[in-house]
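Inspection log for the structure reproduced underneath, given as C-alpha coordinates.
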Amino acid sequence: MAALIEFRGVTKAFGPKVIYEDLNLRIERGVGFTILGGSGVGKSVMLRMLIGLLKPDSGEIYFDGKEVTRMGAEELAVLRQRIAMLFQAGALFDSLSVFENVAYGLHEHFHHKMDENDVKDRVAWALDLVGLPGIEQMNPADLSGGMRKRVALARAIALRPEVVLYDEPTTGLDPINTARVNHLITGLRQRLNITSVVVTHDMRSAFAISERIAMVHGGRIIFTGTVDEARHCTDPRVADFIEGRAPVKEDVETLLNA
(Lines give C-alpha, C1' and ligand atoms only; values in the text may rest on other atoms or scores of the structure.)
Protein backbone atom coordinates (compact mmCIF):
# COMPACT_ATOMS: atom_id res chain seq x y z
CA MET A 1 0.00 0.00 0.00
CA ALA A 2 1.29 3.46 -0.92
CA ALA A 3 2.26 5.69 1.98
CA LEU A 4 0.32 8.90 2.56
CA ILE A 5 3.55 10.72 3.47
CA GLU A 6 6.98 9.76 2.24
CA PHE A 7 10.47 11.24 2.50
CA ARG A 8 13.00 9.78 0.05
CA GLY A 9 16.71 10.47 0.46
CA VAL A 10 16.13 13.99 1.79
CA THR A 11 19.10 16.15 2.73
CA LYS A 12 18.96 19.52 4.48
CA ALA A 13 21.63 21.81 5.90
CA PHE A 14 21.76 25.34 7.24
CA GLY A 15 25.20 26.56 6.31
CA PRO A 16 27.74 24.14 7.80
CA LYS A 17 25.16 22.51 10.10
CA VAL A 18 23.84 19.36 8.48
CA ILE A 19 20.34 18.49 9.68
CA TYR A 20 19.54 15.53 7.40
CA GLU A 21 21.95 13.43 5.38
CA ASP A 22 19.62 10.71 4.12
CA LEU A 23 16.10 11.00 5.50
CA ASN A 24 13.79 8.16 4.51
CA LEU A 25 10.40 7.77 6.15
CA ARG A 26 6.95 6.38 5.28
CA ILE A 27 3.75 7.26 7.17
CA GLU A 28 0.53 5.41 6.40
CA ARG A 29 -2.90 6.99 6.26
CA GLY A 30 -4.88 7.14 9.52
CA VAL A 31 -2.10 6.24 11.96
CA GLY A 32 -0.95 8.00 15.09
CA PHE A 33 2.73 8.49 14.26
CA THR A 34 5.33 10.00 16.59
CA ILE A 35 8.81 11.17 15.65
CA LEU A 36 11.28 11.11 18.53
CA GLY A 37 14.65 12.75 18.87
CA GLY A 38 16.64 15.08 21.07
CA SER A 39 16.51 18.86 20.87
CA GLY A 40 18.10 20.27 17.74
CA VAL A 41 18.02 17.10 15.62
CA GLY A 42 15.60 18.59 13.10
CA LYS A 43 12.21 17.14 14.00
CA SER A 44 10.43 20.46 13.41
CA VAL A 45 12.41 20.98 10.19
CA MET A 46 10.88 17.76 8.89
CA LEU A 47 7.35 19.07 9.44
CA ARG A 48 8.15 22.38 7.81
CA MET A 49 9.56 20.66 4.75
CA LEU A 50 6.43 18.53 4.47
CA ILE A 51 4.17 21.58 4.13
CA GLY A 52 6.58 23.51 1.95
CA LEU A 53 7.72 26.12 4.47
CA LEU A 54 11.28 24.85 3.95
CA LYS A 55 12.76 23.18 0.90
CA PRO A 56 15.15 20.24 1.12
CA ASP A 57 18.55 20.57 -0.50
CA SER A 58 17.99 17.27 -2.31
CA GLY A 59 15.69 14.28 -2.24
CA GLU A 60 11.93 14.02 -2.61
CA ILE A 61 8.90 14.47 -0.35
CA TYR A 62 5.52 13.04 -1.34
CA PHE A 63 2.02 13.58 0.01
CA ASP A 64 -0.74 11.35 -1.31
CA GLY A 65 1.34 10.48 -4.36
CA LYS A 66 2.24 14.07 -5.30
CA GLU A 67 5.73 15.50 -4.93
CA VAL A 68 5.66 18.40 -2.48
CA THR A 69 9.11 19.57 -3.51
CA ARG A 70 7.81 20.44 -7.00
CA MET A 71 4.61 22.20 -5.97
CA GLY A 72 3.94 25.82 -6.85
CA ALA A 73 2.19 28.38 -4.65
CA GLU A 74 -1.36 27.34 -5.60
CA GLU A 75 -0.69 23.64 -5.04
CA LEU A 76 0.94 24.40 -1.67
CA ALA A 77 -2.12 26.40 -0.63
CA VAL A 78 -4.30 23.35 -1.32
CA LEU A 79 -1.81 21.12 0.50
CA ARG A 80 -2.06 23.33 3.60
CA GLN A 81 -5.82 22.85 3.65
CA ARG A 82 -5.27 19.11 3.78
CA ILE A 83 -2.38 19.23 6.27
CA ALA A 84 -2.82 21.45 9.33
CA MET A 85 -0.01 22.22 11.77
CA LEU A 86 -0.07 22.96 15.48
CA PHE A 87 3.05 25.01 16.14
CA GLN A 88 5.03 24.54 19.34
CA ALA A 89 4.03 27.86 20.95
CA GLY A 90 0.52 27.77 19.51
CA ALA A 91 1.21 30.85 17.36
CA LEU A 92 -2.06 32.57 18.23
CA PHE A 93 -2.50 36.18 17.14
CA ASP A 94 -2.68 38.17 20.38
CA SER A 95 -4.44 41.08 18.63
CA LEU A 96 -7.33 38.82 17.57
CA SER A 97 -10.09 37.23 19.63
CA VAL A 98 -10.41 33.47 20.01
CA PHE A 99 -13.10 33.49 17.35
CA GLU A 100 -10.92 35.45 14.93
CA ASN A 101 -7.97 33.14 15.58
CA VAL A 102 -9.94 29.95 14.96
CA ALA A 103 -11.67 31.46 11.92
CA TYR A 104 -8.41 32.76 10.44
CA GLY A 105 -7.67 29.75 8.25
CA LEU A 106 -11.29 29.51 7.15
CA HIS A 107 -11.23 33.10 5.94
CA GLU A 108 -7.88 32.53 4.23
CA HIS A 109 -8.77 29.32 2.42
CA PHE A 110 -12.55 29.32 2.08
CA HIS A 111 -13.55 32.99 1.84
CA HIS A 112 -15.45 32.34 -1.41
CA LYS A 113 -17.10 29.12 -0.19
CA MET A 114 -18.30 29.78 3.37
CA ASP A 115 -20.63 32.54 4.52
CA GLU A 116 -20.19 34.04 7.97
CA ASN A 117 -22.87 31.85 9.57
CA ASP A 118 -21.03 28.75 8.33
CA VAL A 119 -17.79 30.14 9.73
CA LYS A 120 -19.42 30.75 13.12
CA ASP A 121 -20.78 27.20 13.15
CA ARG A 122 -17.41 25.73 12.23
CA VAL A 123 -15.59 27.75 14.92
CA ALA A 124 -18.13 26.65 17.54
CA TRP A 125 -17.77 23.03 16.38
CA ALA A 126 -13.96 23.16 16.62
CA LEU A 127 -13.94 24.79 20.06
CA ASP A 128 -16.43 22.25 21.35
CA LEU A 129 -14.23 19.40 20.12
CA VAL A 130 -11.27 20.68 22.17
CA GLY A 131 -13.43 21.20 25.25
CA LEU A 132 -13.65 24.99 25.11
CA PRO A 133 -17.21 25.86 24.05
CA GLY A 134 -18.42 29.43 24.26
CA ILE A 135 -15.08 31.25 24.59
CA GLU A 136 -15.18 32.90 21.15
CA GLN A 137 -15.01 36.47 22.50
CA MET A 138 -12.11 35.90 24.88
CA ASN A 139 -8.62 37.11 24.00
CA PRO A 140 -5.49 34.91 23.96
CA ALA A 141 -3.97 36.99 26.78
CA ASP A 142 -6.81 35.85 29.05
CA LEU A 143 -6.14 32.15 28.47
CA SER A 144 -3.91 29.73 30.33
CA GLY A 145 -1.09 27.96 28.48
CA GLY A 146 -3.15 24.80 28.15
CA MET A 147 -6.15 26.71 26.82
CA ARG A 148 -3.98 28.51 24.27
CA LYS A 149 -2.73 25.15 22.99
CA ARG A 150 -6.30 23.90 22.67
CA VAL A 151 -7.43 27.04 20.84
CA ALA A 152 -4.52 26.59 18.43
CA LEU A 153 -5.63 22.99 17.94
CA ALA A 154 -9.20 24.18 17.28
CA ARG A 155 -7.83 26.50 14.60
CA ALA A 156 -6.03 23.56 13.00
CA ILE A 157 -9.00 21.20 12.95
CA ALA A 158 -11.46 23.91 11.84
CA LEU A 159 -10.12 23.32 8.33
CA ARG A 160 -11.16 19.66 8.62
CA PRO A 161 -7.74 18.49 7.46
CA GLU A 162 -6.70 14.96 6.61
CA VAL A 163 -3.47 15.28 8.60
CA VAL A 164 -2.55 17.25 11.71
CA LEU A 165 1.12 17.90 12.46
CA TYR A 166 1.95 18.56 16.12
CA ASP A 167 5.22 20.31 16.94
CA GLU A 168 6.10 19.50 20.58
CA PRO A 169 2.42 19.83 21.64
CA THR A 170 3.00 19.33 25.38
CA THR A 171 6.03 21.58 25.86
CA GLY A 172 5.53 23.92 28.81
CA LEU A 173 2.37 22.24 30.06
CA ASP A 174 1.74 20.85 33.53
CA PRO A 175 0.95 17.12 33.89
CA ILE A 176 -2.82 17.63 33.87
CA ASN A 177 -2.79 19.71 30.69
CA THR A 178 -0.26 17.35 29.12
CA ALA A 179 -2.65 14.45 29.72
CA ARG A 180 -5.53 16.53 28.35
CA VAL A 181 -3.67 17.37 25.14
CA ASN A 182 -2.57 13.75 24.69
CA HIS A 183 -6.18 12.63 25.08
CA LEU A 184 -7.28 15.22 22.51
CA ILE A 185 -4.67 14.08 19.98
CA THR A 186 -5.83 10.47 20.21
CA GLY A 187 -9.52 11.29 20.41
CA LEU A 188 -9.51 13.68 17.45
CA ARG A 189 -7.60 11.21 15.30
CA GLN A 190 -10.18 8.52 15.97
CA ARG A 191 -13.26 10.76 15.85
CA LEU A 192 -12.27 12.69 12.71
CA ASN A 193 -10.43 9.80 11.02
CA ILE A 194 -7.28 11.85 10.50
CA THR A 195 -3.58 11.05 10.47
CA SER A 196 -1.60 12.58 13.33
CA VAL A 197 2.14 13.19 13.14
CA VAL A 198 3.70 14.32 16.42
CA VAL A 199 7.28 15.39 17.00
CA THR A 200 8.36 15.27 20.63
CA HIS A 201 11.05 14.26 23.09
CA ASP A 202 8.43 13.47 25.74
CA MET A 203 8.44 9.69 26.09
CA ARG A 204 5.28 9.49 28.22
CA SER A 205 3.34 11.36 25.57
CA ALA A 206 4.87 9.30 22.78
CA PHE A 207 3.79 6.02 24.35
CA ALA A 208 0.33 7.40 25.17
CA ILE A 209 -0.60 8.64 21.70
CA SER A 210 1.32 6.51 19.22
CA GLU A 211 0.62 3.53 17.04
CA ARG A 212 4.01 3.83 15.36
CA ILE A 213 7.23 5.57 16.39
CA ALA A 214 10.30 6.71 14.48
CA MET A 215 13.53 8.09 15.92
CA VAL A 216 15.82 10.68 14.35
CA HIS A 217 19.53 10.48 15.09
CA GLY A 218 22.58 11.63 13.18
CA GLY A 219 20.66 13.09 10.26
CA ARG A 220 18.55 10.03 9.48
CA ILE A 221 15.85 7.73 10.82
CA ILE A 222 17.47 4.98 12.86
CA PHE A 223 14.30 3.21 14.05
CA THR A 224 10.70 2.79 12.92
CA GLY A 225 8.23 0.44 14.58
CA THR A 226 5.37 -0.04 17.00
CA VAL A 227 5.37 1.22 20.58
CA ASP A 228 6.14 -2.30 21.81
CA GLU A 229 9.02 -2.64 19.36
CA ALA A 230 10.38 0.72 20.54
CA ARG A 231 10.22 -0.37 24.18
CA HIS A 232 12.22 -3.52 23.39
CA CYS A 233 14.61 -2.08 20.81
CA THR A 234 18.18 -3.26 21.36
CA ASP A 235 19.82 -0.35 19.51
CA PRO A 236 21.59 1.46 22.39
CA ARG A 237 20.84 4.88 20.85
CA VAL A 238 17.11 4.16 20.95
CA ALA A 239 17.17 2.39 24.31
CA ASP A 240 19.19 5.17 25.98
CA PHE A 241 16.82 7.83 24.68
CA ILE A 242 13.71 5.98 25.81
CA GLU A 243 15.16 5.28 29.24
CA GLY A 244 16.62 8.79 29.59
CA ARG A 245 20.13 7.51 30.11
CA ALA A 246 23.11 9.79 29.56
CA PRO A 247 25.15 9.13 26.41
CA VAL A 248 28.38 7.18 26.66
CA LYS A 249 31.69 9.04 26.97
CA GLU A 250 32.43 9.01 23.25
CA ASP A 251 29.02 10.57 22.49
CA VAL A 252 29.55 13.28 25.14
CA GLU A 253 32.90 14.20 23.59
CA THR A 254 31.29 14.34 20.16
CA LEU A 255 28.59 16.69 21.46
CA LEU A 256 31.10 18.96 23.19
CA ASN A 257 33.24 19.18 20.07
CA ALA A 258 30.33 19.70 17.66
*asked:* Please determine whether any residue of the stretch 125-135 is modelled with pLDDT of 90 or more, touching a Phe, Trp or Tyr at 6+ places or on another chain (Cβ under 6 Å) and buried (at least 18 other Cβ atoms within 10 Å of the Cβ).
replied: no
*Among (1) under 28 Å from Asp202 (Cβ atoms); (2) crowded, with 18+ Cβ neighbours inside 10 Å, where does Leu106 come up short?*
(1)
*Given the residues Arg8, Arg29, which is the only one that is under 17 Å from the mean Cα position of the chain (by Cα), over 21 Å from Phe87 (Cα atoms) and not acidic (Asp, Glu)?*
Arg29
*Could you please find all residues in the stretch 53-78 being more than 23 Å from Phe14 (Cα to Cα) and among the charged types (D, E, K, R)?*
Asp64, Lys66, Glu74, Glu75
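The values are calculated or read from the model by the stated rules, or taken from the named source; none is laboratory data. What you see is a predicted model; the values in this text were computed from it and never measured. All Cβ positions, glycine included, derive from the backbone under ideal geometry; neighbour counts span all protein chains shown.
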